[in-house]
Amino acid sequence: MLDSTPAALHTGATPLLQTIGLTKRYGDFLANENLDIEIWPQQIHALLGENGAGKSTLVKTVYGLIQPSDGEMRWLGEKMVLSGPSEARARGIGMVFQHFSLFDNLTVAENVALGLAGKESFKDMSARLEQVSNVYGLPLDPRREVWQLSVGERQRIEIVRALMQNPKFLILDEPTAVLTPQEADQLFVVLERLKAEGRAILYISHKLEEVKRLCDTATILRGGKKVSTCNPRAETAASLARMMVGADIKQVKAPASRQTTVPRLVVNDLGLEPDDPHGVRLEHISFELKGGEILGIAGVAGNGQDELFAALSGERLAKDPGTVVIEGIAAGHLSITKRRKLGAAFVPEERLGHGTAPRMKLSENALLTGHAASGMVQHGFVNTAATLKTVDRATEAFDVRKAKRDPEAASLSGGNLQKFIVGREILRNPAVLVVSQPTWGVDAGAAAVIRQALLDLAAAGAAVLVTSQDLDELAEIADRIAVMFHGHLSEPLKTADASREKLGLLMGGSSLEPTEAAHAVGA
Amino acid sequence: MQLVLEKRAERSNTIALVSPLIAIGLTLVTMSILFAILGKNPVSALAAYFIAPLTDSYSLQEIAVKATPLVMIAIGLSLCYLANAWNIGAEGQFLIGAVAGSWLAVKTQGTGAGPWVLPVMLLLGAAAGALYALIPALCKVKFGASEILTSLMLVYVADLFLDYLVRGPWRDPAGFNFPTTAEFDPVATVPILIEGGRLHLGAIIALVVVAAGAVLLGKTIKGFEIRVVGAAPRAARFGGFNSNQLVLLTFAISGALAGMAGIIEVAGPVGHLQPGISPGYGFTAIIVAFLGRLNPVGILIAGLFLALTFIGGEQAQIAMKIPLDVTKVFQGILLFYVLACDSLILYRFRLIFASRQVA
């Protein structure tokens with residue numbers, strides 16, 4: 001099947017896939033508006049855009065998951081109507097989602113078998129799986145259970161599963177978001193090879209350097225509309241960013257001088273059993289964070305960052321009080337409320353449902369974390385004026401855009417809600433701020449505001465711990481960067497010494513050369 | 001043409017207020033069809049149900065008497081439901097409260113005890129109801145047992161316990177072997193508000209409970225905790241609120257209110273302890289809580305409306321020979337529509353006319 005002649009995929013002047021005036025409406029909201037896009041064989045076509053620009057809607061339409069409201073799609077020049085993903089697959093359209101659909105307790109081969117149609121026997125399928133994974137340099141052991149595999153390996157399953165259907169057109173949604181730099185390089189080799197075989201690839205990303213390096217064509221979406229189709233290699237990262245955002249992005253300025261003071265957050269040999277059987281166990285985590293300093297924690301998602309956040313915030317308690325020390329006080333056994341009273345503040349990764357109650361007003365969400373340490377509660381009664389004042393102050397200081405004074409949290413855009421959440425915590429003047437994925441899914445303007453706020457907070461003397469999967473973000477704001485892998489935290493490196501290669505090695509679980517490690521510790 | 005259920009951008013506050021009325025309207029339509037099938041004139045049947053009871057003072061008082069336990073119980077249940085704790089056993093807590101309070105009435109019978117008896121009875125009823133509700137709450141918190149099942153099953157335990165007491169140890173010796181205690185002494189009886197009427201002090205207590213519920217939910221940090229833990233459990237934990245503690249608290253409050261409603265019912269309108277003191281108040285209060293949108297003032301209105309169906313049902317039985325069980329059918333249909341109409345708060349219907357020809 002795989003050796004079907006790639007040359008047959010070339011069809012001269014007809015694009016493989018063409019969308020004409022493709023539109024998707026949700027109520028009054030236009031997720032995609034009048035999109036004309038052409039996908040040609042033997043090309044890697046980037047789809048660029050900020051969160052909410054309409055990238056996912058477009059690929060879901062092409063993959064048959066949602067029906068367009070207007071416009072049409074043409075496949076090899078003929079009109080195509082898809083009633084579901086199986087029809088898309090039958091035509092040769094494959095997709096690798098950002099969020100994997102794998103069963104943890106099944107083996108690799110079983111997971112692949114579940115996703116394939118046809119009458120092939122399980123044994124034949126397994127053999128073909130091994131063959132495909134070897135041919136493309138995506139090694140997989142079909143007999144291993146998924147929960148034992150790393151995120152990169154899980155992504156391989158998804159890619160191999162898509163390749164086993166010999167697609168003419170493969171869609172990848174932010175594939176490098178979960179990979180180390182080295183793993184990403186390996187993926188690019190695979191993609192180049194698929195391209196050389198004559199397949200078309202639609203590559204969704206917001207990492208501009210990656211797109212410039214890999215892609216032949218780029219289509220940029222903004223607010224559901226197509227801004228441009230261009231050759232990314234002829235553009236600069238800045239010009240691509242300008243097209244994505246529609247404006248110049250403000251540069252974040254690090255303050256000229258920043259004095260580190262006393263240790264404000266100290267973690268001593270912290271260990272934590274996982275909540276669920278496939279969770280990550282935290283082991284021997286130690287670091288010291290001084291006032292005036294930003295420590296970045298890098299790492300592929302799912303290596304214990306969530307568990308570390310829960311242990312630091314007090315959502316999960318440690319047995320030994322001395323494992324977490326906030327402002328010189330052993331706090332490992334203290335509740336989140338008591339830790340807040342010690343001067344700590346927390347911003348979790350998930351905005352809706354964790355950082356805020358989505359269907360409650362902003363003033364109530366200000367009360368959610370402010371009830372312990374400010375004048376919002378008197379003798380058990382809520383001081384509504386004080387909660388509203390917090391909303392107003394956060395709105396003013398962080399330019400939170402909203403339809404009315406006190407709307408529901410869920411009605412704000414991701415960027416504005418994140419600005420509110422970060423603002424809510426910073427206005428409490430925390431001594432220690434622990435923040436997870438501060439700019440995840442946030443528009444570039446809001447991201448700049450938030451990063452600047454974190455820098456300013458550290459400059460004012462607070463200790464800031466930032467967990468992020470975005471190495472560029474950490475390089476921009478952190479003084480030191482440590483890497484989480486399998487529940488262990490590496491020795492922090494000075495940002496200046498933390499090259500992508502070094503961080504990538506640590507993210508993949510390798511240790512640095514002894515000399516380098518010693519250097520980093522001594523630095 | 002297609003009918004599509006579409007998510008709204010923000011919850012509609014208008015629909016939140018109107019949806020109970022839509023539900024009532026749909027229930028009335030359904031009931032009319034049902035009456036027609038039973039061979040009754042729907043218009044006069046509905047008039048007997050909903051208009052006739054409002055026309056005389058006796059029925060109006062009776063509506064308030066029936067609404068009293070419904071509202072008290074439903075306020076407590078609304079706290080549980082807001083906190084995502086599903087207390088279905090208010091009927092049992094009601095009965096246990098009645099039993100506990102009656103114990104004092106039976107023990108002090110004929111001893112010439114002072115006016116302290118009734119207040120202590122009320123406290124006993126509330127305490128017993130709270131303790132009884134804490135059984136399923138503790139089972140949930142400690143062992144993860146479904147509080148829906150355990151609280152419901154304890155209803156039958158309470159029912160049979162009451163039955164045993166009035167047939168055995170507490171039976172009135174002069175009661176011709178009927179399963180009932182002796183009539184309570186005046187100091188163990190809830191005072192009547194209107195001379196010669198049936199309206200009693202319990203109605204005032206119910207109003208106080210409504211006001212207290214409104215203050216608790218709207219103005220206090222505890223009320224906020226209750227609402228957050230139900231609406232966004234993870235955010236509540238992030239806020240530092242302990243969901244297990246809130247399960248225990250809301251079950252205790254709701255049990256206490258149901259227990260107090262139980263002893264008020266026995267020491268008020270009934271006057272003695274006997275089986276069948278409740279026509280299912282504890283279950284009907286679930287409908288009241290939801291029809292009232294888990295809001296104290298809404299619950300007061302919904303309680304009066306459901307009380308009307310009890311009185312209307314009796315009147316329709318007398319006037320038109322409509323079976324009394326139709327009242328329960330009515331209440332069931334109403335709950336169904338209330339829950340169904342709630343989806344309109346977050347969603348809306350949209351008619352889509354063919355805009356795209358299928359090839």
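Here is how the numbers come out for the structure above:
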{"item": "Solvent-accessible area, 1.4 Å probe, carbon plus sulfur percent, for the protein assembly as shown", "result": "59 percent"}
{"item": "Positive-pole candidate from B:Gly76, B:Gly125, B:Ile96, dipole of the range B:68-292, charges at beta carbon", "result": "B:Gly76"}
{"item": "Long-range tail of P(r) for the range A:131-182 (Cα pairs > 19 Å, %)", "result": "28 percent"}
{"item": "Candidate aspartates and glutamates for bridging to A:Lys225, where Cα separation is under 18 Å - those fewer than 8 sequence places away on the same chain excluded", "result": "A:Asp28, A:Glu33, A:Asp36, A:Glu38, A:Glu50, A:Asp70, A:Glu72, A:Asp443"}
{"item": "Mean projection area, nm², convex hull over Cα of chain A", "result": "25.8 nm²"}
{"item": "Alpha-carbon centroids, the range A:230-298 and the range A:486-510: separation in whole Å", "result": "13 Å"}
{"item": "Mean Kyte hydropathy of -1.0 or more with a Cα span along the axis of at least 15 Å, helices from DSSP in chain A", "result": "A:122-135, A:151-163, A:181-196, A:384-398, A:414-426, A:444-459"}
{"item": "Net lengthening on full extension, A:Leu106/A:Asn383 (0.36 nm per residue, minus Cα-Cα)", "result": "94.5 nm"}
{"item": "Rounded, prolate or oblate (a/c below 1.5 giving rounded, otherwise prolate when a/b exceeds b/c) for the range A:192-301 by Cα gyration tensor", "result": "oblate"}
{"item": "Over the range B:68-292 - Rg/Rh using Cα atoms and the Kirkwood inverse-distance radius", "result": "1.01"}
{"item": "Dipole of the protein assembly as shown, positive direction: furthest Cα of B:Ile51, B:Leu273, A:Val211, with charges on the beta-carbon", "result": "B:Ile51"}
{"item": "Cα-centre dipole for the protein assembly as shown with unit charges at Cβ (Lys and Arg positive, Asp and Glu negative), debye to 20", "result": "1460 debye"}
{"item": "Gaussian network model of chain B, Cα within-10 Å springs - most flexible of B:Ala100, B:Ala289, B:Ala212", "result": "B:Ala212"}
{"item": "Assigned charges on the beta-carbon of Lys, Arg, Asp, Glu; the range B:68-292 dipole about Cα centre (debye)", "result": "760 debye"}
{"item": "Accessible area (Å², per residue) of the range B:68-292, counting only protein heavy atoms and a probe of 1.4 Å", "result": "39 Å²"}
{"item": "Shielding by partners - mean other protein chain Cβ count within 10 Å, residues of A:326-336", "result": "1"}
{"item": "Most mobile listed residue (B:Phe336, B:Phe290, B:Phe238) in chain B, GNM with C-alpha springs under 10 Å", "result": "B:Phe238"}
{"item": "Cα gyration tensor shape of the range A:62-153, rounded if a/c is under 1.5, else prolate or oblate by comparing a/b with b/c", "result": "prolate"}
{"item": "Rounded to 5, percent antiparallel among DSSP beta bridges of the protein assembly as shown", "result": "55 percent"}
{"item": "Overall form of the range B:28-179 per C-alpha gyration tensor (a/c, 1.5; a/b vs b/c)", "result": "oblate"}
{"item": "Chains A and B together, accessible area buried on both sides, 1.4 angstrom probe, square angstrom", "result": "2600 Å²"}
{"item": "Mean accessible surface per residue for chain A, computed with a 1.4 Å probe while every protein chain stays in place, in Å²", "result": "42 Å²"}
{"item": "The range A:92-160-the range B:132-153 distance, computed between alpha-carbon centres (Å)", "result": "44 Å"}
{"item": "For the protein assembly as shown, alpha-carbon Rg over 2.2 N^0.38 Å", "result": "1.15"}
{"item": "Relative contact order, percent, the range B:68-292 [alpha-carbon distance under 8 Å, six or more residues apart]", "result": "43 percent"}
{"item": "Exceeding the 24 Å Cα-Cα cut-off - candidates A:Lys253/A:Lys404; A:Lys338/A:Lys494; A:Lys24/A:Lys404; A:Lys119/A:Lys168", "result": "A:Lys253/A:Lys404; A:Lys338/A:Lys494; A:Lys24/A:Lys404"}
{"item": "Cα centroid separation - the range B:288-314 against the range B:237-282, whole Å", "result": "17 Å"}
{"item": "Solvent-accessible ranking of B:Ile73, B:Ile253, largest area first, probe 1.4 Å", "result": "B:Ile253, B:Ile73"}
{"item": "Size of electric dipole in the range A:241-289: Cβ of Lys, Arg +1 and of Asp, Glu -1, about Cα centre, debye, nearest 20", "result": "640 debye"}
{"item": "Residue-averaged beta-carbon neighbours from other chains (10 angstrom radius) around A:312-319", "result": "1"}
{"item": "Charge-dipole axis of the range B:68-292 as Lys and Arg at +1 and Asp and Glu at -1 on Cβ define it, positive-most pick from B:Thr284, B:Val210, B:Phe176", "result": "B:Val210"}
{"item": "Among B:Ala231, B:Ala127, B:Ala23, residue whose mean-square fluctuation peaks in a GNM of chain B (springs only between Cα atoms under 10 Å)", "result": "B:Ala231"}
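The values are calculated or read from the model by the stated rules, or taken from the named source; none is laboratory data. This structure is a prediction, so every number in the text was calculated from the model and none was measured. Here Cβ is always computed from backbone atoms with ideal geometry, including for glycine, and neighbour counts include all displayed protein chains. For the accessible areas, the whole protein counts, side chains as well, though only heavy atoms, and no ligand, DNA or RNA atoms are used. Shrake-Rupley method; radii C 1.70, N 1.55, O 1.52, S 1.80 Å.
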